[in-house]
Ligand code: F0G
């Protein structure tokens, strides 16, 4: 905590920025919230933003940009090829990562598509601490298989381990040997491991993974989408990083990893993405896919104004005042909820707060989708939109059987610099009400189940009438309040 309060009992995270543009919000009455979630097929992705009070779906592309980021958009050099804007983007990447080569792509999954096209072939495996939805979808689409080697501690919902995203290094060596290095497309380290609760990977572990890859001659890839939070945790939780600058950490990683890619919707609080490396030959092997799928090499499907905002955002990702805000607000929310007794993923990570739905509704089996049910209940309770990160977010096995998620989570992402602390407190209060009324929450069943990425557009309905009962209880407890 950078700023200490005189009266420690009043200590809260203190913003090192001020808000100068605001957007009006509405909170619909609970009866309308019920109607909206049912019309959305109990899928929070299908809600309309106008019907939402706190949008905690994601921190992707919805963070508040800085004054400098929006100002930079005015100097964009709008040319199809050879844009000065791209040269500025390259210079920012060089400053942050120290790398000379950059391929622009329109967002993180576009980078994943290119990596998969270039390196994944049928029969190859891609090894990672944990998969991300789009990463896995691209790898399996190209005929590859995803193997996850997060250390066992990563899957314990409650722990005080500071780096739950770490790889199991012994398993990594054994797995590379078992499959043969030539059959490993790449090893991917996901910083700020998304699907297990935004949990960081230590610098020591990342560097060890890179060394193992190097020894076996296997490509190492760093997904740096959530690296900002991860660097904050390295600096605050890992002794060897305490006196390193953020820039030293980014550079050290880039020196060791063969390829780094990122979603600039997260890293740098903008939109867009990129792939960077010290290795020109590797970049060349992916280059042809950029004009094919994205756009010319100096814009990669990203609007030039947006590229300017990424550029400024990347410089700002070195600034602890900026990158500490998310983790500190998240820690505050997790602590409030934990004090209320709500089962959470602990310790607090980056990205957002994660409710452990298996413990909130322990009687709901995986195939009644507990995390989606809790997500629908929270929208009814408070107009708060979270994201299901449980069995609905998994893909069925090739034979059609359900793949049950290791963790049934409802993620409450914290878009950076968007919500005030009073809104965070409101969120905690409505979660507490939902927790106290958890026995009313029932299951969901499919109405329409798409084959691919079903969590985006699938529709479900309640089993029984529990949602109407929840609304009645809300009226009993809150009277005519919104
Ligand atoms: N890698 C990680 C770790 C991510 O969290 C994401 C996106 C991507 C890759 C893909 O990037 O969205 O720009 O295509 N995560 C978003 C989220 C979608 O809500 O967590 P993208």
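I need the full set of residues from the range 222-239 which are within 11 Å of the ligand (Cβ to nearest atom) and either touching a strand residue (DSSP E or B) at 6+ places or on another chain (Cβ under 6 Å) or not in a helix (DSSP H, G or I) (or both), in order please. Step through it out loud before you land on a result.
Kept after step one, since they are within 11 Å of the ligand (Cβ to nearest atom), are these residues of the range 222-239: 222-227, 229-230.
Correct list: 222, 223, 224, 225, 226.
Among the criteria (1) part of a helix (DSSP H, G or I); (2) within 15 Å of the ligand (Cβ to nearest atom); (3) touching a strand residue (DSSP E or B) at 6+ places or on another chain (Cβ under 8 Å), the one residue 134 does not fulfil is (3).
Just for the range 58-72: of the residues that are surrounded by 19 or more Cβ atoms within 10 Å (Cβ to Cβ) and part of a helix (DSSP H, G or I), which one is farthest from the ligand (Cβ to nearest atom)? If we take residues in the range 58-72 being surrounded by 19 or more Cβ atoms within 10 Å (Cβ to Cβ) and part of a helix (DSSP H, G or I), then 72 is farthest from the ligand (Cβ to nearest atom).
Being over 26 Å from residue 313 (Cα atoms), more than 16 Å from the ligand (Cβ to nearest atom), at pLDDT 95 or above and surrounded by fewer than 21 Cβ atoms within 10 Å (Cβ to Cβ), is that true of even one residue in the range 77-87? Break it down into steps so the answer makes sense when it comes.
Here is the first cut: in the range 77-87, the ones over 26 Å from residue 313 (Cα atoms) are none.
No, the range 77-87 contains no residue that is over 26 Å from residue 313 (Cα atoms), more than 16 Å from the ligand (Cβ to nearest atom), at pLDDT 95 or above and surrounded by fewer than 21 Cβ atoms within 10 Å (Cβ to Cβ).
If only one of 345, 360, 310, 302 is more than 30 Å from residue 106 (Cα to Cα) and within 16 Å of the ligand (Cβ to nearest atom), which one is it? One residue alone meets the criteria, 345. In the condition set (1) surrounded by fewer than 22 Cβ atoms within 10 Å (Cβ to Cβ); (2) touching a strand residue (DSSP E or B) at 6+ places or on another chain (Cβ under 7 Å); (3) within 24 Å of residue 267 (Cβ to Cβ); (4) touching a residue at least 24 places away in the same chain (Cβ under 8 Å), residue 158 is compliant with all but (3). For the range 4-33, what are the residues that are more than 22 Å from residue 415 (Cβ to Cβ) and assigned to a loop (DSSP other than H, G, I, E, B)? Those that are more than 22 Å from residue 415 (Cβ to Cβ) and assigned to a loop (DSSP other than H, G, I, E, B): 4, 5, 6, 7, 11, 29.
When the test is whether a residue is under 23 Å from the mean Cα position of the chain (by Cα), at pLDDT below 95 and closer than 24 Å to residue 277 by Cα, residue 110 does not pass it.
Select from the range 77-122 the residues that are farther than 14 Å from residue 141 by Cβ and assigned to a loop (DSSP other than H, G, I, E, B) and list them in ascending order. Break it down stepwise before answering.
Taking the range 77-122 and keeping what is farther than 14 Å from residue 141 by Cβ, we get 77-108, 111.
77, 78, 79, 80, 81, 82, 83, 98, 99, 100, 106, 107, listed by residue number.
Could you please find all residues in the range 242-289 being over 17 Å from residue 226 (Cβ atoms) and either surrounded by 22 or more Cβ atoms within 10 Å (Cβ to Cβ) or within 15 Å of the ligand (Cβ to nearest atom) (or both)? Don't jump to the end; show me each part of the working.
Going residue by residue through the range 242-289, those that are over 17 Å from residue 226 (Cβ atoms) are 242-245, 247-248, 251-252, 255-256, 258, 277-289.
Hit for the range 242-289 is 277, nothing else.
In summary, residue 423 fulfils each of the numbered conditions (1) under 30 Å from residue 324 (Cβ atoms); (2) part of a helix (DSSP H, G or I); (3) in contact with a helix residue (DSSP H, G or I) (Cβ under 9 Å, 6 or more places away or on another chain) with the single exception of condition (3). The residue pairs whose first member lies in the range 116-139 and is at positive phi, whose second member is away from the ligand (no atom under 15 Å from the Cβ), and whose beta carbons are closer than 8 Å, counting only pairs six or more residues apart or on different chains, are 123/143; 123/144; 123/183.
Here's the yes/no breakdown for (1) under 20 Å from the mean Cα position of the chain (by Cα); (2) closer than 22 Å to residue 269 by Cβ; (3) at pLDDT below 95:
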site: 43; (1), (2), (3): yes, no, no
site: 46; (1), (2), (3): yes, no, no
site: 62; (1), (2), (3): yes, yes, no
site: 66; (1), (2), (3): no, yes, no
site: 71; (1), (2), (3): no, yes, no
site: 75; (1), (2), (3): no, yes, no
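The values are calculated or read from the model by the stated rules, or taken from the named source; none is laboratory data. This structure is a prediction, so every number in the text was calculated from the model and none was measured. Neighbour counts run over all protein chains shown; Cβ positions are idealised from the backbone, glycine included.
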